[in-house]
Amino acid sequence: MKALKRTIFALVALIVLLVVISFFLPGTYHVERSTFIKSDKTIIYDLVSHLNRWNVWTPWTKEMDSTAVFELVGTDGEVGAVRKWDGKVMGNGEMSISELVPDQLVGYDLSFRHGKFNSKGKLTIETAGDSCKVTWVDEGNLGQNPYSRYMGLFMGKKMGKDFDNCLAKLKKVAEERKDWPVITEKTIPDQIALLVKDSAGPKTYSQVMGKGYMEIMEYIKTNKLKMTGPPFAMYLKWDSVTFFSVMDLCIPVEKAEKGKGRIRVEKIPAQNAVVATYFGPYDKTASAYKALDQYCKERGKVVTGGPWEIYITDPMTQKDPMKVQTDILFPVK
């Protein structure tokens, strides 16, 4: 019995000692990590200032916690925007944008467990030679809870590793995006067009498209019609394995009453679209399609139809392939 009492006394004394020591431990924590990114400030700022785009470069997504429910309150990319989450793995929390300096700084407030744990953070972007230095700082008050004080000793190592991983992913994504084509959102007005429906595979695209557009051009010349824009193709079906597609080859005209043979006349209604302005060889447009797809996913754009390709530059007259412009369009809502 005496041995048991001594053991209990020793445990109590140890607990008291640990509690006393905790009050001498730091009451706050500060975690800071940096990386250098060879990309434009605007690209980096866009990725870190929109809370819904944190999915692209941080692990705190549905992939980490399939049970998590996310909610965005306010306008993303503006001060006051809040991203909330609740899941079995990630727990309950929210992040709100507290400060924005375009292309320079994003400040935020972070809260976990219904406000039980809080911190403040910021990401700063500074020009550093041919790169940008991105610094991520997070700091918070550990309060008087002894357990929190001891956990604070490990915050630098735990959070620092997460920050390093996130910044490495941010670097990869931002450096890839510096080669993205310019992407804009616009409304395409309604238009009258002459169309020829055809299909082609990898080895027959140039032949099929050349023949179709030649037919339409001859019809325009014969009937003295006026073109109102460059030729374009609307893709109706696409096989990503065989690269076989069915498309409407189109040339917009001021007016036309009827077609001839396989040429038909249609009024194409106005529609909202996301458009990538691509310069380069036609057989390298896959990168522009990938960029458009990612752009739409990040902004919640729903693609409502097949893509268009608008042939702004005639490759027969422009011999430098890097100056050939093709606008690639996704109809969206």
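With the cut-off at under 20 Å, measuring from each backbone N in region 240-257 to a point 7 Å along the Cα-to-Cβ line of Met316 picks out 248-253.
What FRET efficiency, computed as 1/(1 + (r/R0)^6) with R0 = 51 Å and r the Cβ-Cβ distance, is obtained for Lys178 and Lys260, rounded to the nearest 0.05? List each step's numbers first, then the result.
Values: r = 48 Å, r/R0 = 0.94.
In this case the efficiency is close to 0.60.
Over 26 Å apart at the Cα level, from the set Lys84/Lys297; Lys211/Lys290; Lys84/Lys161; Lys226/Lys284, are Lys211/Lys290; Lys226/Lys284. The charge dipole of region 183-331, taken about the Cα centre with unit charges on the Cβ atoms of Lys, Arg (+1) and Asp, Glu (-1), comes to about 240 debye, rounded to the nearest 20.
From helices alone, the chain scores -9000 deg cm²/dmol at 222 nm; the rule is -39500 (n - 2.57) for each run of n ≥ 4 DSSP H residues, then divide by the residue total. Considering only Phe70, Phe243, Pro181, and ranking their Cα positions along the charge dipole of the chain that arises from unit charges at the beta-carbon of Lys, Arg, Asp and Glu, the one farthest toward the positive end is Phe70. When each of Ile263, Ile192 is scored by the number of other beta-carbon atoms lying within 10 Å, the sequence from fewest to most is Ile192, Ile263.
Explain nothing, just the number: relative contact order of region 26-177, from Cα pairs under 8 Å at least 6 residues apart, as a whole percent. Working shown, then result.
Values: 308 pairs, mean separation 49.4, N = 152.
Once normalised by length, the contact order is 33 percent.
Checking (1) 111, 44, 36; (2) 63, 47, 38; (3) 73, 49, 29 against the coordinates, the calculated Cα extents along the principal axes in Å falls under label (1). A protection proxy built from the mean count of other Cβ atoms within 10 Å ranks the segments 296-303, 211-218, most packed first, as 211-218, 296-303. As a proxy for reagent exposure, Met90, Met247 were ordered by neighbouring Cβ count within 10 angstrom, fewest first; the result is Met90, Met247.
Taken together, the values in this text are just the output of simple stated rules run on the coordinates, not laboratory data. Computed from a predicted model, the values in this text were never measured in an experiment. Neighbour counts run over all protein chains shown; Cβ positions are idealised from the backbone, glycine included.
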